[in-house]
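Below is one structure, written out as structure tokens; the observations come after it.
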Amino acid sequence: MTSPGRPLPVPDDASAPFWKAAAAGGLTVARCSRCHWFSIPPDIVCQHCHHGDPAFAFEAVSGHGSVRSWTVVHQSFLPGFDDDLPFVLVDVELDEQADLRMIGRLLDGPYVALHIGDRVTVAFEHPAPGVAIPAFALETR
Amino acid sequence: MSGPFAARNEVAVVGYAQSPVQRHASQPLGAVAVDTARRAIADAGLDVVDVDGFTTGALFPTAGAHTIQDGVSIVSSNWLAEHLGVNPRYASGFQGYGQIPGAVALAVNAVATGAADHVLVHRALHNPAGRYHGNPMREAAGTMQWTAPQGYFGPLAMIALPYQEYVQRYGARRETMAEVLVEARKNGARIPWSHWYERPLTSEEYLAAPMIDDPICKYDCDIPVDGVAAFVFTSAERAQDLPHRPVYVSGYATGHPTTRRLPTHWPLDDIMTTGFETARRLWEHTGLRPGDVDLPQVYDGFSPFVYFWLEVLGICPEGQAHQFVADGGIDSDAPGAVPALSGGGALGNGRMHGIPQMLECYLQLSGRAGARQRERADVGIACHSSPHFGGAVAYSAHRA
């Protein structure tokens, strides 16, 4: 369950494929068509090969990763999250590439015991019809 | 950058002024800035017409939706010059984080090259009405689309993630961070212009504070304030004829990480890797070594920066700053300890960015610290911002 009024992503020419895939339940990451390096977020120039026309394509990834850090949010500076307080944000290294990191809510609740290296998998929240926001859930051991 | 600084100790700070640091000033920020600038120029024994250079870093460090208006919520170099009635030969603003070393570097370079003779460096910080970082955004466009819909927003969560990495990796305890706050507020409580004057903090008060972004509580963040500080820079030659003992700039270093991240995502390894490189540049540029520094004033806008700067500067080994603090290593009143927060820092003064660090170096090295004057104050380092985005300036009481 998510509260109404959270900021919603505004897809642009570059990011539209990402949000379309998310709405269909899939996590993708931008990949440089020149050097095949994943980038979060994609930018104007590839951060790995520095090509000025990286022609990023969003490629499906496993959604599996490891927790590198986390914080328990007790006070939100954005609208729409107050009903969810406190909640956990995790800094996750995706399996596809060393140090490929994204941040999302951990949907297991605020009181779960966490450790560096804990395994997580992507999950999606739906704050509005047709909008899916990537988050994470702990993998069962 | 390689080799020693060509203008080492050739440019000096010759005067200063600091406004009261308060939650909300009774005058507009620009009026406080003009008054503070005039007082700094007079303190240096100069007239306004003598000042021909102006530099600052004007960033308004809010994540909120507050209006940016020159003279009201920020004060740029050109705004200040115009309102002092000066057509400057040189006016410039530093764009990045680490505004204080950035603005000082611009001033030092301008004096050393002859672009200006007397440069005023100022910093004006504003605390707007309403929540400082609260943002009513309903749509997240551009890079924000990758973090805000996910609930990741603002500088408190930003610092919570690397601090959590530090806590987990090295076993740092909350009771130890309480000692950082007690030290900063102890020193700030001795400074008449500080927001926290005569208001020290106890360890118990720190430990009782509610979490905002666990492991960050409200006392881990400097308090937003209205305040302005200004310093006058000139050549070491001209400084000899001015009233106060000059404090010389031995060099500076800044840096910027090359690993691109999500907005405000600052992993611990990014902070430390680029921070160590910045410190290495500082030693190379100044010819100093960590052991030469009496007054390493570490930046503390968020308390974990104290650990990070102590480590990148080589004051203690990586991962051991929390133990160094727990052992009394930064107690400004203990003989043999490193007075790393003797100027109170941002935690002990209010959100003046790197000004408290710079001001402490200036006051102590010029012998103008009054009742707080330290016996040994020959070399100081003023740090600002995170080690991976900010920088540091080295000051010397001696020209040679």
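The values are calculated or read from the model by the stated rules, or taken from the named source; none is laboratory data. These numbers were taken from a predicted model, which means no experiment stands behind them. Note that each Cβ is placed from the backbone with ideal geometry, even for glycine, and that neighbours are counted across all protein chains shown.
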Over the range A:116-132, the set of residues within 12 Å of chain B (Cβ to nearest Cβ), touching an Asp or Glu at 6+ places or on another chain (Cβ under 9 Å), under 21 Å from residue A:95 (Cα atoms) and surrounded by 19 or more Cβ atoms within 10 Å (Cβ to Cβ) is A:118
From A:73, A:112, residue being of a type in the set (Val, Ile, Thr) and buried (at least 20 other Cβ atoms within 10 Å of the Cβ): A:73
Can you pull out the residues in the range A:89-109 that are surrounded by fewer than 23 Cβ atoms within 10 Å (Cβ to Cβ) and either more than 9 Å from every other protein chain (Cβ to nearest Cβ) or over 26 Å from residue B:133 (Cβ atoms) (or both)? A:93, A:94, A:95, A:96, A:97, A:98, A:99, A:100, A:107, A:108, A:109
Sort out for me the strands (runs of 3 or more DSSP E) sitting completely within the range B:169-278 that have 1 or more residues that are of a type in the set (Ser, Thr, Tyr), farther than 30 Å from residue A:72 by Cβ and more than 14 Å from chain A (Cβ to nearest Cβ). B:227-235, B:247-254
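With the structure loaded, tell me whether residue B:286 is within 14 Å of another protein chain (Cβ to nearest Cβ), among the polar types (S, T, N, Q) and more than 21 Å from residue B:15 (Cα to Cα) or whether it fails that test. Please lay out each step first, then the result.
Working: within 14 Å of another protein chain (Cβ to nearest Cβ): no; among the polar types (S, T, N, Q): yes; more than 21 Å from residue B:15 (Cα to Cα): yes.
No.
Take the residues in the range B:145-168 that are in contact (Cβ under 8 Å) with a residue 24 or more places away in the chain and among the polar types (S, T, N, Q), then tell me which one is farthest from the other protein chains (Cβ to nearest Cβ).
Of the residues in the range B:145-168, the ones in contact (Cβ under 8 Å) with a residue 24 or more places away in the chain are B:146-147, B:152-167.
If we keep only those that are among the polar types (S, T, N, Q) as well, we get B:147, B:164.
Working: B:147: 6, B:164: 5 Å.
Ranking the candidates gives B:147 first.
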For the range B:136-159, does any single residue satisfy the condition of being assigned to a strand (DSSP E or B) and within 30 Å of residue A:28 (Cβ to Cβ)? yes
Can we say residue A:18 is more than 12 Å from every other protein chain (Cβ to nearest Cβ), in contact with a Pro (Cβ under 8 Å, 6 or more places away or on another chain), outside any loop (DSSP other than H, G, I, E, B) and hydrophobic (A, V, I, L, M, F, W, C)? no
Top-ranked residue of the range B:117-139 - restricted to ones that are in contact with a Gly (Cβ under 9 Å, 6 or more places away or on another chain) and within 7 Å of chain A (Cβ to nearest Cβ), ranked as nearest to residue B:48 (Cα to Cα): B:133
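Just checking: which of the helices (runs of 4 or more DSSP H) contained wholly in the range B:295-397 hold 3 or more residues that are surrounded by fewer than 23 Cβ atoms within 10 Å (Cβ to Cβ)?
Values: elements: B:304-312, B:321-326, B:345-349, B:355-365.
Ranges flagged: B:321-326.
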Kindly indicate which of B:114, B:85, B:142 is surrounded by fewer than 18 Cβ atoms within 10 Å (Cβ to Cβ), without any contact (Cβ under 8 Å) to a residue 12 or more places away in the chain and more than 14 Å from chain A (Cβ to nearest Cβ). B:114
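Looking at the structure I just gave you, is residue B:35 at negative phi, acidic (Asp, Glu), at pLDDT 95 or above and part of a helix (DSSP H, G or I)?
Values: at negative phi: yes; acidic (Asp, Glu): yes; at pLDDT 95 or above: yes; part of a helix (DSSP H, G or I): yes.
The answer is yes for residue B:35.
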